[in-house]
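Step one of this worksheet: look at the structure below.
What follows draws every value from the coordinates through simple rules; no lab data is involved. All of these numbers come straight from a predicted model, not from anything done at the bench. No Cβ is skipped: glycine too gets one built from the backbone with ideal geometry, and neighbour counts run over all protein chains shown.
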Amino acid sequence: MVTRTQPQNSLPESTIITLLKKILISMAMVSMERLVRYLSSFFIAFIFFQCSPKEENGVSLFSKNSPDISNEKMRNISADNAQISFENNGVFYQGKLFSGKLFRVDPQTQDTLKIESYLKGNRHGNWIQYFPGHVLKEFRTFDQGKKIGAFVQYFPTGKKQQAYHFQNDEYQGVASEWNESGVLIREMHYVAGHEEGSQKLFYDNGQVRANYVMKNGRRFGLLGTKNCVNVSAARLLN
């Protein structure tokens, strides 16, 4: 009778099974983390592309003079396509003004880094940008080359860095900025591209750096003070 002997350097069967279980659990956790990350980015992009550009507070973001695109042939093409050319008067594909989306990808991972929307050579529609690893970096909207709607930018950590609003290519409403720690460092108010109303700047530790009010081009308040008082009626150039 031949007796099978276990090699001296072999691990016990129970230990091997335990190690295999740990490896499988680790692989599952990594896969799940990646899945959640990609689904989160996809969900944000989906919501952005399907909803936000069309309306804001019930009002269309696009001007009444926006061109009719019902008969326009829309394409989805890599920005590295040799037939794409960027000229001063617009973006061209095969010698004609381009309509559709251009994709920019990471050359190593092939992850999407940027999606740009064009209409007849002009920036038109949603633009979205990612950090490597498909982490959302920023999104914004254009109408025939002009900035409109919300512009939001993030740090690689996922924390918000900037949040502005545009109307007809000009700042409109609140413009805010944060540092990497999440501390608000800037909160300005604009009307038609000009500062109007409360304006505040903060140091990285959150202390007030400037606090003043703009009214009809005049500044009321002092830089570096917490209490806003009328100390200047000088006309400011915007």
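Magnitude of the charge dipole for segment 77-184, about its Cα centre and with charges confined to Cβ atoms of Lys, Arg (+1) and Asp, Glu (-1), is about 220 debye. Taken along the Cα-to-beta-carbon direction at a fixed 7 Å, the label points for Q108 and Q94 span 3.6 nm.
The order of the peptides 111-120, 180-189, 130-139 by mean Cβ neighbours within 10 Å, most packed first, is 111-120, 130-139, 180-189.
The alpha-carbon positions of segment 92-134 define a convex hull whose volume is 61 Å³ per residue.
Per the Kirkwood formula applied to alpha carbons, segment 62-169 shows a radius of gyration over Rh ratio, Rg over Rh, of 0.99.
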